[in-house]
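Working notes for the structure below.
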Amino acid sequence: MKLGTAVVFASAIAGASAFGVMGPAAPARPSTSLNARIAESDMTPEQLEITQLTDRWVEIRLYSDEEAQEKLSGEELEAHTRYHQTIKDDIEKMKVIAEMMVKSVEIPQVAKKSKTQRKKDAW
């Protein structure tokens, strides 16, 4: 495998993981008190609504396009489509950047001189 191909694959993987949908998260254990949620009994109605919307987005964000068309409608479908389109656009941009990087990294190979050309150059 050429160096350029390896750079393209590495860039594509890095781009996909940077902008792509992440896999299922680890169990929700707060690592610090900043990540902890307020108990639902202590939340205001506005905070409860935000928490419910967040939980719903965590569920629908991982749907494929086909699943989203089947299961979602209205604003949720529009938000899902917009989110995934943004990710797809970002991945395409990263592919273009990776191709530009490959062009700048690969050194153009000079054709090897033939025996007669070497003799002509020496003359």
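A few comments on the model shown:
- Solvent-accessible area, 1.4 Å probe, carbon plus sulfur percent, for region 59-123: 55 percent
- The stretch between residue 92 and residue 62 holds 8.8 nm of extra length on full extension. This uses 0.36 nm per residue minus the Cα-Cα distance.
- Neighbourhood charge, 14 Å Cβ-Cβ cut-off, centred on residue 63 and excluding it, Lys, Arg +1 and Asp, Glu -1: -3
- Residue 50 accessible area, 1.4 Å probe, all protein chains in place, Å² to nearest 10: 90 Å²
- Rounded accessible area of residue 65 (nearest 10 Å², 1.4 Å probe): 60 Å²
- In terms of accessible area, using a 1.4 Å probe and ignoring ligands and nucleic acids, 114, 73 rank largest first as 73, 114.
- The aspartates and glutamates whose alpha-carbon is closer than 12 Å to the alpha-carbon of residue 71, local same-chain residues fewer than 8 away aside, are 59.
The values are calculated or read from the model by the stated rules, or taken from the named source; none is laboratory data. All values derive from a computational prediction rather than experimental measurement. Cβ: placed from backbone, ideal geometry, glycine included. Neighbour counts: every protein chain shown. Remember, those area values only see protein heavy atoms, side chains included, never the ligands or the DNA or RNA. Shrake-Rupley method; radii C 1.70, N 1.55, O 1.52, S 1.80 Å.
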